[in-house]
1. Select, from B:Gly315, B:Gly241, B:Gly235, the only residue that is within 19 Å of B:Gly194 (Cα to Cα) and either modelled with pLDDT under 95 or not assigned by TED's automatic domain parsing to the domain that holds B:Leu164 (or both).
2. Test B:Leu64 against the stated conditions and say whether it is surrounded by 20 or more Cβ atoms within 10 Å (Cβ to Cβ), within 14 Å of chain A (Cβ to nearest Cβ) and within 20 Å of B:Pro35 (Cα to Cα).
3. In segment B:47-75, which residues are of a type in the set (S, T, N, Q) and out of contact with any Ser or Thr (no Cβ under 9 Å at 6 or more places or on another chain)?
4. Can you tell me which of B:Glu168, B:Glu119, B:Glu146 is over 30 Å from B:Phe270 (Cα atoms), modelled with pLDDT under 95 and either outside any helix (DSSP H, G or I) or charged (D, E, K, R) (or both)?
5. Does segment B:191-210 contain at least one residue that is surrounded by fewer than 16 Cβ atoms within 10 Å (Cβ to Cβ) and modelled with pLDDT of 95 or more?
6. Are any residues in segment B:216-231 surrounded by fewer than 23 Cβ atoms within 10 Å (Cβ to Cβ), of a type outside the set (A, V, I, L, M, F, W, C) and farther than 21 Å from B:Asp160 by Cβ, and if so, which ones?
7. So how many residues does segment B:190-243 have that are outside any loop (DSSP other than H, G, I, E, B) and under 29 Å from the mean Cα position of the chain (by Cα)?
8. Just give me the residues in segment B:60-74 being farther than 15 Å from B:Arg22 by Cβ and modelled with pLDDT of 95 or more, in sequence order.
Amino acid sequence: MASASNLNTLEYDPELCTRCGMCSIVCPHRVFASGNGAAARLIDPDSCMECGACALNCEPGAIKVDSDVGCASAMIMAALTRRKEATCCG
Amino acid sequence: MTARDRLDHVLARLGVRRSGWRIRPGLYRLGEPGPESPVFVSANYTLSFDALRGALQGIDSYILVLDTFGINVWCAAGKGSFGTDELVSRIEQTRLADEVSTRTVIVPQLGATGVCAREVLRRTGFKVRFGPVRAVDIPAFLEAGEATEDMRRVTFNLKDRAVLIPVEGKIASPILAGLTLGAYLADGPVAAAGVGAAGVAGFAGFPLLMPWIPTEDFSTKGFLLGGAVGLAAAGAALLSGDGSAGQRAARAVSYVLALPAITSFIALNFTGSTTFTSPTGVKREMNRYIPVMAAMAASGILVNGARHLFGRKRG
C-alpha cells in the first residue's frame, strides 16, 4: 500500500544512463544499483524519499523526481500562508 | 586572522559547551595538515562540525565550513544553503587552491541533495568525492578508499528515534500545556491527564514504538496509540463517581474521540524528523487524515460539552 514512506515521484530512463554511477553513490536509501559496465538499475524505488540528490547529480538527466521539504509542519504552514513552497528549519 | 587562529577560537568556544551553535564559515586546520591532506566539507552547525572533528581525531586534514545558517548538512542541503553555489564561493573565498595541492574535496553524502558535483568541478577545478553518511565512518572510508554499502545508507534505529524525543516534546509542549489547561478547566483532572498522556504518547511513545505499531501510515499509528490513551481515560471516567451515568458516558465517548486526534497529529508531524518519508507521501497522508483528526477533535469537544444536557447526579 502507498504511504508516506513509499509513495514518490521518482522516474528513471535507463536509455539515457551514462553509467557514471553517481546515483548509486548519493542515494541514502540504496534505490539504485550500478556497476559492471551496465546502466544503473532501480532496485528499490519504493524507498525513495524524494531528496533529489540523484537527479541533481545525473548529468544526462536520466532521473527525474519532485524534491521538496518533507516536513508535515512546513507543509501545513505553507498551506495556511498560501505559499507554494514549503520551508522549514530556518 | 589565519585559519589556525580560527581553529583555536573554535576550540576555545567548544570548551564551553553549547555557547554557540554556529561555527564561523571558512577553512580550518586539524592537526598539522600539508598540501596533500584531505579536505572535508561541513556545515556551520556545532553538532555537524563536532561530529566531523571528533571522527577526524589523529587525521591531519582541513575542514571547509560552509555557511548554512547553523543548520545541519542534510536539512541545509535540502534547502540549498549547503549547496553548489555556497561550496564554490567558499572554495574561492578561502583560496583553497593556494592552500592545498590536492584538487578534491570530500563532501558528506547527504550534502549531495544540494551539491552538484560536476558543477563544482566545472566552476572550481575541485572534484567532489561524496564521503560516508556518518562522520564516524570516515577513518574506515579513508582506509579503504571507498564507502561500503552500509556507510552510504541512512538508518533510523531506536537510538536515532529516541534522541528526537526531547526536541519533539519541546515543540509540542506549549500547545499541549494550553490544551491540558483547557481540558482541566472545561472538564476536570481526568480530561487534563488524558490530554497530557495523549501528547506524551505522540512525542515520546510514537518515536519509540513506531516500527511495531501495526499500520502503514503515521496518522493511523497515532490513532491506535492515542486510542489506547483514549480508552484508558474513558475507563477512568466511567469508574469515577463524578456525575450521572449519562455524564460519565458522554465523557468517556469524548475522550475516545478527541484524544487519538492529538496523538495522531503529533505522529503525523514526526514525518518531518524521519529519514525516509517522501514529500509526496506526506502530502497525501495530510490530505487524507487531517480532516479526520479535525472531525474527531471537534466531535469529541461537542460530546463533552453536551454532557451538561444529561443533568446532575441525583440523590
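The values are calculated or read from the model by the stated rules, or taken from the named source; none is laboratory data. Only a predicted model underlies this, so the values are computations on that prediction, with no experimental measurement involved. Here the Cβ is made from the backbone with ideal geometry for all residues, glycine too, and neighbour counts use every protein chain on show.
1. Working: B:Gly315 fails: within 19 Å of B:Gly194 (Cα to Cα); B:Gly235 fails: either modelled with pLDDT under 95 or not assigned by TED's automatic domain parsing to the domain that holds B:Leu164 (or both).
Selected residue: B:Gly241, the only one of B:Gly315, B:Gly241, B:Gly235 that is within 19 Å of B:Gly194 (Cα to Cα) and either modelled with pLDDT under 95 or not assigned by TED's automatic domain parsing to the domain that holds B:Leu164 (or both).
2. Details: surrounded by 20 or more Cβ atoms within 10 Å (Cβ to Cβ): yes; within 14 Å of chain A (Cβ to nearest Cβ): no; within 20 Å of B:Pro35 (Cα to Cα): yes.
Against the criterion (surrounded by 20 or more Cβ atoms within 10 Å (Cβ to Cβ), within 14 Å of chain A (Cβ to nearest Cβ) and within 20 Å of B:Pro35 (Cα to Cα)), B:Leu64 does not qualify.
3. As a first pass, look at segment B:47-75 and keep what is of a type in the set (S, T, N, Q): B:48, B:57, B:61, B:68, B:72.
The answer is B:Gln57, and nothing else.
4. Numbers: B:Glu168 fails: over 30 Å from B:Phe270 (Cα atoms); B:Glu119 fails: modelled with pLDDT under 95.
Only one candidate qualifies: B:Glu146.
5. We begin by selecting, within segment B:191-210, every residue surrounded by fewer than 16 Cβ atoms within 10 Å (Cβ to Cβ); these are B:208-209.
Then drop every residue that is not modelled with pLDDT of 95 or more, which leaves B:208-209.
Yes - at least one qualifying residue is present in segment B:191-210.
6. Within segment B:216-231, B:Thr220, B:Gly227 meet the criteria.
7. Taking segment B:190-243 and keeping what is outside any loop (DSSP other than H, G, I, E, B), we get B:190-212, B:218-239.
Then drop every residue that is not under 29 Å from the mean Cα position of the chain (by Cα), which leaves B:192-212, B:218-230.
Count: 34.
8. Our first condition is that a residue be farther than 15 Å from B:Arg22 by Cβ; within segment B:60-74, this holds for B:60-62, B:64, B:74.
Hits for segment B:60-74 are B:Asp60, B:Ser61, B:Tyr62, B:Leu64.
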